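Contents: one structure, followed by commentary.
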Amino acid sequence: MKNHVRFLILLGLMLTGSALCAQDVIRQQPCMSPTILQQADSMKLLLAKQGFMVVKEASMQMVSEYEMPVIVPLNEGSWYQFVFIGDITSRLYEVRMFDWNEKQVVYQKKYWGDVDGNVISYSYTPQFSEFHMIKPVQVNKKKKDICGYVMLLKKVK
């Protein structure tokens, strides 16, 4: 009987261990685009002159036509500036922002032909201190994997 119980325990551990090893983990992968990085640096300088400080920023590998959710904690009454920079060859850029109750509080859309088409930037002052979800997306007919860049800045002066 003891050998039977040991065998079952060992079998259970082996099955659990192999299931854990087989689990896919999705991690955000950074990407490097000199054009996007140059635009991001320009935006940071411009916004710093207006009294904004970078709170979070990240380059991110995106897939055309798929949203890339970004969750950020925002404080009630603070003035934030959000910037999304997409691949210059994409045709469409959109950003939606939702509050903790999943209510859409911001929606912006731009096209390739617009003057600053691949950059979406907006101000936001939350009414409550809570997490917000920002969902940028871009559509590119020539490339599936594309680069994107997000920045969250806060007014300090």
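Quick note: the coordinates plus some simple rules give every number you see, no bench work behind them. Since the model is a prediction, treat every value here as computed from it, not as a measurement. For neighbour counting, all protein chains shown are included, and Cβ atoms are generated from backbone atoms with ideal geometry for every residue, glycine included.
Going down the list Lys49/Lys144; Lys56/Lys142; Lys110/Lys154; Lys110/Lys157; Lys56/Lys103; Lys110/Lys155, which pairs span over 28 Å between their C-alpha atoms?
Lys49/Lys144; Lys56/Lys142; Lys110/Lys157
Taking a virtual spin label 7 Å from the Cα of Val139 along the C-beta vector, which residues in region 58-75 bring their backbone nitrogen under 12 Å of it?
Zone members listed by number: 65-66.
Between Arg91 and Met60, what FRET efficiency follows from the Cβ-Cβ distance if R0 is 22 Å, with the result rounded to 0.05?
0.70
Using modelled amide H (1.01 Å from N, peptide plane; none on Pro or chain starts), what sits under 5 Å from the amide H of Ile146, excluding residues fewer than 5 places away?
For Ile146, whose amide H was placed from the backbone, the distant partners under 5 Å are Met62, Val63, Ser64.
Per residue of region 140-148, in order, report the coupling 6.51 cos²θ - 1.76 cosθ + 1.60 (Karplus, θ = phi - 60°) as ³J(HN,Hα) in whole Hz, putting x for Gly and Pro.
10, 7, 9, 10, 8, 8, 9, 9, x
Along each of its three principal axes, how wide is the spread of alpha-carbon positions in region 34-155, in whole angstrom units, largest first?
41, 33, 22
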